[in-house]
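J.: Handing you this structure, nothing more for now.
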Amino acid sequence: MRHLGSAKFLAVAGMIGLGALTPLYPASAQVSDDVVKIGVLTDMSGQWSDMNGPGSLVAAQMAAEDFGGKVLGKPIEIIGADHQQKVDVGTGIARRWIENEHVDVISDVTNSAIAIAVQRMTRESNRIALFSSPSSTDLTGKECSPTGFQWVYDNYSNTVGPVQALLAQGKKTWYFVTADIAFATSLEKLATKVISEGGGTVVGATRNPFGAADMSPFLLPAQASKANVIFLAEAGKDLTTAIKQSSEFGITAGGQVLAAPIMFISDVHALGLAAAQGTSFVEGYYWNLNDETRAFAKRFFERRKAMPTALQAGVYSSINHYLKAVRAAGTDEAKAVAAKMRELPVNDFLAKNGKVRVDGRMVHDMYLVQVKKPSESKAPWDYYNVVATIPAEQTAIPLSESECPLVKK
Amino acid sequence: MSTIFGVPSTLVYAQLLLGLINGAFYALLSLGLAVIFGMMNIVNFAHGAQYMLGAVGAWVLLNYFGVNYWVALIAVPVVIGAINMVVERLVLQRLYKLDHIYGMLLTFGLALVLQGAMSAWIGSSGQPYAIPPELAGGRNLGFMYLPNYRAWVIAVSLVVCLSTWYVIERTALGANLRAATEDSLLVQAFGIRVPRMVMLTYGAGIALAALAGVLAAPIYQVNPTMGDELIIVVFAVVVIGGMGSIMGSIVTGFMLGVVEGLTKAFYPQGSSTVAFVVMAIVLLVRPAGLFGSKPDASHRVASHAVPDFTPQGQKIAFVLMAACLAAAPLAVYPGFLMKVMIFALFACAFNLIAGYGKLVSFGHAMFLGGAGYVCGHAAKVWGLSPELAILAGTAAATLLGLITGWLAIRRSGIYFAMVTLAFAQMVYFVALQAPFTGGENGLQGIPRGTLFGFIDLSKPAALYTFVLVVFLGGFFLMMRIVGSPYGRILRGISDHEMRAQSLGYESARFKLVAFTLSAAFSGLAGSLKAIVSQLASLTDVHWGMSGEVLLMTFLGGAGTLFGPVIGAAIVVTMQNYLSALGQWVAVIHGLIFIACVLWFRGGIVGELIVRWRRLRGHKTVPPDAVATSIPQPGNRKDIAMASNGN
């Protein structure tokens, strides 16, 4: 009996499946005309949650509030989600936002691998991506998009200058300790190029898993290599762990120099001035620069009980600029808004006459900072001496060398 | 500079020493695990979580009560050990008579609860814990600079391990303990209070884990997931050393640390997998482990055959399911529904071997994720059409299933779970390191392509229909397999292997076919997942995924046709719609695990069927339970059990 019934019944089931479905779906997703919805996709609880995380969401909310909560007479809605540093989770959320929740803009996206996936998705579905945190130069290089923007910094801005400076001091041999994730491997590639062009040599490299509890097995080969410089292609907790263990195993005391280009004020705060003093790196924003930066930082601090990082400030700045562009374009259609974003100069507490290039990279003046000695610090979070201002045009790959297909040569 | 095989000798020594430190932690943890297994026959999956609790305890004492490291070193293990004795009394005691796998499931749930709760509380990135000032600094050993604290860890763990060994092997108390593990009834007859002894042993085992946690806090920081990866390696240690062997765990713990250290010096990429390679070899060559004396301690007492729908009911349910899934996209986000179907397919595939074959694999993620990578690579790099790419992924999983199955089915129970886990970890290693998988970034941008050259899968309706058809087709096939004579023989083997063999069935061949089929369908699910999500990632090959499919299957009802579908739907729904709860979702998962093991071993569907039949006054044997057994006189007892539920 089982054998007799099954074929017929499978056919019926199949007909239900195929027949019922086909007419049900509209050809494309609905256009969200009645709301401008911005999704902050970030690391809410993991090792990068101090430099991004809940603080990024707060910055986005501040940007919406400062705009009166409305643009073109329609409400601005901010939502946030935790990608847990997992590519599948992050892309799953982004896809749901785009396909089912009328999200117009995806913001922050710390983690370059997730950012590249989001870049592809927003390009295909004609949405805006505001990358204030991922640093891979691919985002505005070979993966660039007409509707994707990289805001605060990238691997190039933070690496090229400091590496050249160390080479000029005669530090010729380099060893990489690199996290096995997209931003870090891209950083290693870029730095290797700069080192070899500057007459230095790379004597070795190790790859550590992202979020390694113990960095010492990866640091010891660097120590044994006796390279002049140990280049830490790490960020967040991996970076602070590596710095702490370098001192635990006597690496810095042995005369080797650590180069850590991707560092933020949250890392300095976590390390403490005693451990971090003297470290030098490039920042896109520092709260204690001028009255404008301090005004934003004060409001942010009241909500988060921490000073904003450059990345969090970038979330505010990029959303603010986006909303201005929506107002100027008179629509939230992504391509029209993106064109306006490139046309208008960026002027806020983070950037003065910042310029959005054709490849989507927003360039602005940046700062070479050095961490103060504990004795120099006069107030909580008073951490940096600004050593030099780096002009905007030196902070990104020259367009003439760009791999971005949007750049016409 | 002197070198050993091209590696600076100083580096080799340094990595060896670091390995020894890791080995100290392995030894401390595996010692506790071995004692608990020896006494209680429980494979304590929560051991890593207890280690993490030790570190958190030290951190709490320091930050909330200003209590320093030295006090914490004593206080934390005592308190955590005491709390766990209560847990043993209230919960674990109920498991001793059940199959090992239930103890493992329950403690896996406990681990999820503890880890989730701690992540929600202290954040998943962890908290710093400073090295106590008395042990700061270090000394130069010539070949390396050894921080004092790390030397201290080696010393403490050696002393603790050896004293534990001495107590168990050389004192009267230890003699009683060992006797009780051999025959607790007899020992009880001599007037020794065995239950109390078991409780104290468990407490002591956990205290050792907590002590390791306190020791680890200044090195690894206090992180909710710190026990997560460690416990898997510690399992390997215990299996290699021999389940229940004290000296075996100590020696193997240190040895494995050293082996890992050496691997780090010569072949760094392989360091995280070498433990599993060793484990797989040992299990296959010397199943009792290097020092073990209990080759196969499986003592299956109660058989949990679960009644299922009648064939007629199955068809009605199938048509209903098809109709619901076809109509659902009207109301529900199709992306979510497709995820449910894919995981349902995966869980049903898992159910083939775990539910019907009673071989609970802990490595099924390798088939899901492995097939995803192959399918993705085929579609993206080789430019195959989606149907061929899916075929390639499924074929790869089938082949992998055949090879790993051929090796794994020689073992049963907990050993089977461990062997499959070992193979899955090796696949994970390949996925992490191989150039074509994209490592941590995953294999991105897999094209959906055009099915059979004319159906454009980038259209949402076409994609949904395709997933629906594949899911229903796969499910239908599995339904037919289970209902076929082959399926009945398989269940007969899982109920009583010896009897099936004596009836002339080659049980190994049947199990291998079941395992391979299960792998093939898991691969189908994984390939489909890669096409739908356009991504193949490490999450799908991680052992957490093997745990998730276990949860789905047991929650819905292992050994029932529709149970895994229901289980998958519930778990995916929780992940999707409760994501705002963050880490608490893991806690809920864990609690479900625990509840299932304690009260609903039949799962939702299994329990419902039992209740329904009772309501209808069916005192007779459910028809399907007859089908599960090979008809022969001696089988009456099993059938009676089955009809009673569990």
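Please treat every number below as a calculation from the coordinates, not as lab data. Because the structure is a prediction, the values reported are computed rather than measured. Quick reminder, even Gly has a Cβ in these numbers, built from the backbone with ideal geometry, and neighbours come from all protein chains shown.
J.: With the Cα gyration tensor of the stretch B:375-481 giving a ≥ b ≥ c as the square roots of its eigenvalues, does the rule (a/c under 1.5 for rounded; else a/b larger than b/c for prolate; else oblate) give rounded, prolate or oblate?
T.: oblate
J.: Roughly how tilted is helix B:563-577, in degrees to the nearest 10 and between 0 and 90, from the longest Cα axis of chain B?
T.: The two axes meet at around 60 degrees.
J.: Let me ask something additional. For A:240-247, what's the mean count of beta carbons from other chains sitting within 10 Å of each residue's beta carbon?
T.: If you average over the peptide's residues, the count of other-chain Cβ atoms is 2.
J.: Using alpha carbon coordinates only, what is the Rg to Rh ratio of the stretch B:6-96, with Rh defined as the Kirkwood radius?
T.: 1.12
J.: About its Cα centre, what dipole magnitude does the protein assembly as shown give when the only charges are +1 on Lys and Arg Cβ and -1 on Asp and Glu Cβ, stated in debye to the nearest 20?
T.: Once rounded to the nearest 20, the dipole reads 2180 debye.
J.: Residue B:64 versus residue A:376, label points 7 Å from Cα toward the beta carbon: distance in nm?
T.: According to this spin-label approximation, the distance is 4.0 nm.
J.: Subtracting the Cα-Cα distance from 0.36 nm times the residue separation, let me have the gained length for residue B:71 to residue B:612 in nm, one decimal.
T.: The residue B:71-residue B:612 span can extend by a further 189.1 nm.
J.: Is the stretch B:269-423 rounded, prolate or oblate when judged by the Cα gyration tensor, a ≥ b ≥ c being the square roots of its eigenvalues, rounded requiring a/c under 1.5 and prolate requiring a/b larger than b/c?
T.: Details: a/c = 2.86, a/b = 1.36, b/c = 2.11.
Oblate, because a/c is 1.5 or more while a/b does not exceed b/c.
J.: How far is helix B:413-433 tilted, in degrees, relative to the longest principal axis of the Cα atoms in chain B, given as a value from 0 to 90 rounded to the nearest 10?
T.: Taking the Cα atoms of chain B, the angle to B:413-433 is about 90 degrees.
J.: Another question, if that's okay. Once you order the gyration tensor axes a ≥ b ≥ c over the Cα atoms, which shape class does the protein assembly as shown get: rounded for a/c under 1.5, otherwise prolate or oblate by comparing a/b with b/c? All intermediate terms of the calculation are to be shown ahead of the outcome.
T.: Working: a/c = 1.98, a/b = 1.23, b/c = 1.62.
Because a/c hits 1.5 or more and a/b fails to exceed b/c, the protein assembly as shown counts as oblate.
J.: If you keep only loop residues by DSSP, which chymotrypsin sites (Phe, Trp or Tyr not before Pro) in the stretch B:409-479 have at most 15 other Cβ atoms within 10 Å of their Cβ?
T.: Here the sparse-neighbourhood loop sites are B:452, B:454.
J.: Ok, one more. Per residue of B:534-541, what is the mean number of Cβ atoms on other protein chains within 10 angstrom of that residue's Cβ?
T.: 4
J.: Beyond 24 Å between alpha-carbons counts as too far, so tell me which of A:340/A:408; A:237/B:264; A:86/A:355; A:193/A:237; A:171/A:193; A:74/A:355 fall in that bin.
T.: Exceeds cut-off: A:86/A:355; A:193/A:237; A:74/A:355.
J.: Ignore the peptide's own chain and count Cβ atoms of other chains within 10 Å of each Cβ in A:213-224; give me the average, rounded. Display every interim value, and only then the final one.
T.: Values: counts 10, 7, 0, 7, 11, 2, 0, 10, 8, 1, 5, 13.
The shielding value for this peptide is 6.
J.: Let me ask you something else. If the cut-off is 21 Å between C-alpha atoms, which lysines fall inside it for residue B:358, apart from same-chain ones fewer than 8 positions away?
T.: B:97, B:511, B:637
J.: Still on this structure, I have one more. Residue by residue through the stretch B:458-472, which ³J(HN,Hα) values in whole Hz follow from phi under the Karplus form 6.51 cos²θ - 1.76 cosθ + 1.60 (θ = phi - 60°), with glycine and proline marked x?
T.: 6, 7, x, 5, 5, 4, 4, 4, 4, 4, 4, 5, 5, 4, 5
J.: Show that you can apply the helix-only estimate: for the protein assembly as shown, add -39,500 (n - 2.57) for every DSSP H stretch of four or more residues, divide by all residues, and state [θ] at 222 nm to the nearest 500. Spell out each step's value before the answer.
T.: Values: 39 runs with 615 residues, N = 1055.
Only helices count here, giving -19500 deg cm²/dmol.
J.: Further question: Give the Kirkwood hydrodynamic radius (Å, one decimal) of the stretch A:299-361, defined as one over the mean of 1/r across all pairs of different Cα atoms.
T.: Radius from the Kirkwood sum: 12.6 Å.
J.: Okay, next question. Taking the alpha-carbon centroid of each part, what is the distance from the stretch B:59-78 to the stretch A:68-117 in angstrom?
T.: Cα centroid of the stretch B:59-78 versus Cα centroid of the stretch A:68-117: 42 Å apart.
J.: Pop the C-beta distance of residue A:101 and residue B:170 into the FRET formula with R0 = 60 Å and round what comes out to the nearest 0.05.
T.: Working: r = 66 Å, r/R0 = 1.10.
Efficiency computed from Cβ-Cβ geometry: 0.35.
J.: May I ask for the distance between the Cα centers of the stretch B:104-140 and the stretch B:317-366, given as a whole number of Å?
T.: Using only Cα atoms, the two centres lie 35 Å from each other.
J.: Starting from the 7 Å offset along Cα-to-Cβ, what nm value, one decimal, do you get for the label separation of residue B:581 and residue B:134?
T.: Between residue B:581 and residue B:134, the label points sit 4.4 nm apart.
J.: Continuing with the same structure: Could you check the simple spin-label distance between residue A:201 and residue B:188, using points 7 Å along Cα→Cβ, in nm with one decimal?
T.: Rounded to a tenth, the inter-label distance reads 7.4 nm.
J.: Further question on the same structure: May I ask you to derive the FRET efficiency for residue B:388 and residue B:148 from their Cβ-Cβ distance with R0 = 41 Å, giving the value to the nearest 0.05?
T.: Calculated value: 0.10.
J.: Further question on the same structure: Step through the residues of the stretch A:96-103 one at a time and calculate ³J(HN,Hα) from phi using the Karplus curve (6.51 cos²θ - 1.76 cosθ + 1.60, θ = phi - 60°), rounding each to whole Hz and writing x for Gly and Pro.
T.: 5, 4, 6, 7, 10, 10, 6, 7
J.: Could I ask something else about it? Taking the stretch B:1-105, which trypsin sites (Lys or Arg not before Pro) meet the DSSP loop condition and have no more than 13 other C-beta atoms within 10 Å?
T.: B:97
J.: Do any trypsin sites (Lys or Arg not before Pro) in the stretch B:166-270 lie in a loop, going by DSSP, with at most 15 other beta-carbon atoms within 10 Å of their beta carbon, and if so which?
T.: B:193
J.: Let me ask something else. Where the Cα atoms of the stretch B:460-557 are projected onto their three principal axes, how long is each span, largest first, in whole Å?
T.: Each principal axis gives a Cα extent; for the stretch B:460-557 these are 53, 28, 24 Å.
J.: Would you kindly derive the ³J(HN,Hα) couplings of the stretch B:169-178 from the backbone phi angles with the Karplus curve 6.51 cos²θ - 1.76 cosθ + 1.60 (θ = phi - 60°), listing them in order in whole Hz, with x for Gly and Pro?
T.: Those phi angles translate into 8, 10, 10, 5, 4, x, 4, 4, 4, 5 Hz.
J.: Taking the C-alpha atoms of the stretch B:91-224, how large are the radius of gyration and the largest Cα-Cα span, Dmax, in Å?
T.: 19.8, 59
J.: In addition: Roughly how many Å is it from the Cα centre of the stretch A:181-249 to that of the stretch B:36-52, as a whole number?
T.: 37
J.: If the viscosity is 0.890 mPa s and the temperature 25 °C, what translational diffusion coefficient in µm²/s does Stokes-Einstein give for chain A when Rh comes from Kirkwood over Cα pairs?
T.: So the translational diffusion coefficient is about 110 µm²/s.
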